[in-house]
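Here is the structure we will look at.
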Amino acid sequence: MRTIYYITKTNDTLNALESQDSKSFIEVLPLLEIQTIFPSGIWEQFCSCDSLIFTSANAILALRENLESLPNATEAMQRWRNLPNFTLGAGCNEALKNLDLQAAFSASRAYGEEFAKELIPHLQGKKPLFVRARKIASKLPQILESAGISLQQAILYETLLLQLQESQKEPLARDCVVFFSAPSHIKAFLLNFTWDSSFIALCIGETTRKCALELLGKEAKILLSPQVSKKVALEFAKTL
């Protein structure tokens, strides 16, 4: 079986797979750090919206941290329970489930821009709040705004790329699979390692795949995960 390199954030655990045998083939490379942002006007934004949009589990965790930091944290979390959540990917749904919440609508396709188009009929007449990172790759906000959706955006976290010391790096195995679940993961990898023609890039989502084509080149072996799910992607990687 090929070695699988799982690009992830610091303090992340490999809980996407349940089997310990599966985990033995996977090398975790923590090359990113997620830093929560606490804007002063988050309560006002949160109160003025009637629905929430998430394209990353990190956004859900960042919103929870923000609301729990408020003096009226209990009231804030209760208000969240009364709002519909629109999500992209199994990771978002799992993060909501861990908070005893659920998605009102989840994307059928693994692509932020297609997700935006799917959202339009659900959001007509609503005032959604898109909880997001400082930098995003998709054009979801522009698509919704051009459709007349009264969209608000809350920037609640940023993804920091970590550069390892040479002493922290070990040579990567040839013919390996490198798993990317976001465009930032590709950038973090390339900040630390050189892409080899024997590697296979496995991407979650069309946005990530497009970024891989741009940064790794058209000659690179790039595959798309069958589903927007880390568990499914890693199980798929074992079959390559």
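The values are calculated or read from the model by the stated rules, or taken from the named source; none is laboratory data. Predicted model, so just to flag it, every value in this text is computed and none were measured. Note that each Cβ is placed from the backbone with ideal geometry, even for glycine, and that neighbours are counted across all protein chains shown. Surface accessibility is based on the protein's heavy atoms, side chains included, excluding ligands, DNA and RNA. Shrake-Rupley method; radii C 1.70, N 1.55, O 1.52, S 1.80 Å.
Tabulated data
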quantity: Residue-normalised accessible area of segment 147-240, given per residue in Å² at a 1.4 Å probe; calculated: 50
quantity: Inter-probe distance in nm under a simple model that places probes 7 Å from Cα toward Cβ, at Lys218 and Ser150; calculated: 4.6
quantity: Acute angle (nearest 10 degrees) that the helix 57-68 long axis makes with the longest principal axis of the chain, alpha-carbon atoms; calculated: 40
quantity: Inter-part distance where segment 221-240 and segment 66-85 are each reduced to a Cα centre, Å; calculated: 35
quantity: Rule-of-thumb Rg ratio for segment 80-185 [Cα; 2.2 N^0.38 Å; N residues]; calculated: 1.33
quantity: Hydrodynamic radius by Kirkwood, which averages 1/r over all alpha carbon pairs of segment 16-107, in angstrom; calculated: 14.8
quantity: Estimated D of the chain in µm² per second, where Rh is the Kirkwood radius over Cα pairs and Stokes-Einstein applies at 20 °C, 1.002 mPa s; calculated: 114
quantity: Spin-label pair Ser69/Gln102, simplified geometry with 7 Å Cα→Cβ offset, distance in nm; calculated: 3.1
quantity: Over segment 155-240, equivalent-ellipsoid semi-axes from the Cα gyration tensor in Å; calculated: 19, 18, 13
quantity: Using a Förster distance of 35 Å, the FRET efficiency for Glu44-Gln163 (Cβ separation, nearest 0.05); calculated: 0.40
quantity: Normalised contact order of the chain, rounded percent, pairs of Cα under 8 Å and 6 or more residues apart; calculated: 24
quantity: DSSP-defined beta bridges in the chain - what % are antiparallel, rounded to 5; calculated: 15
quantity: Dipole magnitude of the chain about its Cα centre (Cβ charges: Lys, Arg +1; Asp, Glu -1), debye to nearest 20; calculated: 380
quantity: Helix-only [θ]222 nm of the chain, DSSP H runs n ≥ 4, -39500 (n - 2.57) each, per residue, nearest 500; calculated: -10500 deg cm²/dmol
quantity: Kirkwood hydrodynamic radius of segment 107-168, from inverse mean 1/r over distinct Cα pairs, in Å; calculated: 13.4
quantity: Surface share of carbon and sulfur [accessible, 1.4 angstrom probe, percent] for segment 161-240; calculated: 50
quantity: Of Leu156, Pro226, Leu63, farthest towards positive along the dipole that unit charges on Lys, Arg, Asp, Glu beta carbons give the chain; calculated: Pro226
quantity: Set of aspartates and glutamates near Lys231 by C-alpha distance (under 12 Å), chain-local residues within fewer than 8 positions excluded; calculated: Glu18, Glu94
